[in-house]
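Just so it is clear, none of the values below were taken in a lab; they were calculated from the coordinates. Just so it is clear, the structure is predicted and the values come from calculations on it, not from any experiment. Cβ sites come from the backbone with ideal geometry, for glycine too, and all protein chains shown count toward neighbours.
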Amino acid sequence: MDKLTAAKVLLDVAQTESFTATADRLDISRPMVTRHVEAVENWLGARLLQRTTRKVSLTNTGEQMLPDLQRWVEQAQQIEESLMPTQAIQGFVRVSVSMSFGFSELMPALTIFRQQYPGIRLDIDAQDRAVDMVSERIDLAIRTTNDPNPALIGRPFAVCHSKLVASKAYLDARSAITHPTDLEQHACLGYKNFGRHIWQLTKGEQKHQVEVNCDITANEATVLLHGSISGLGISMQPTYLADSKIASGELEWILPDWQLNTLQMYLLYPSRKHLSHPVRALIDFLVNHFEQQQSLR
């Protein structure tokens, strides 16, 4: 039996405190989980897990040996990955991403990724909602937030800049916007996740917080984008969506001398201890890829 695989299984059981949960997460049978755990205990000559009818927990010896076992697994994985050609990595990765970033940025990036890693299969869950990564078997979540879930490992990979935009037809029919406070008199389109729609703008030492009127809200950026294109009002859009529409003339950039707050973009995953080769490959690829995208730095 492969020692590295067996050690990964035991570490997962230590995290889930359940043979059944580990079997479900790793998509193997419960008896196979038991065999892996017993193999590690036999190799080390010590009982590492205490099994009861209700719970699985680490023995005192297990608690002492777990950090060393984790380090060994991480080092072994790094060595394997450094020696493994990208074409040889095979497996499956399930990714959760917002629809707007998924359509605009992720799918073009994955075209390059698939050329480098043809053996990695991908399942993209494109929804604008919070997910339970463990129960929904999400390997990697891409999120735009300055407050990532502290229960997850977060690797920053890009910065989201935003612009205020509206159609020429909308702006021609309304009063001019020359200062952030003018926004209070305009129809705005907002994100439904926010209780109050407060836009913060900065110009040098000047800072303004404006509470805008949003009679139309949505949970997804491209819906608001097309609302602005249709003349429904002003929306705050990530530059990766707005810039092409501004360049084409479909939208105009409002208050270009003022900057909106930026948001950090994260790659989130449950644990760095049990990253599979495919997940680690995708994370490293996305970090390197988006480092080269100037609009997201």
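Close amide-amide hydrogen proximity is noted between GLN127 and VAL97, MET99, each under 5 Å apart and 5 or more residues distant or on a separate chain (H modeled in the peptide plane; Pro and chain starts excluded). For the pair the range 89-139 and the range 209-238, the centres of their Cα atoms are 27 angstrom apart.
Would you list LEU260, LEU286 from fewest to most Cβ contacts within 10 Å?
LEU260, LEU286
In the chain, once you exclude exposed GluC sites (Glu not before Pro) (DSSP loop, at most 11 other Cβ within 10 angstrom), what's the longest stretch remaining? The longest uninterrupted stretch comes out as 1-135. Convex hull volume of the C-alpha atoms in the range 69-150, normalised per residue: 134 Å³.
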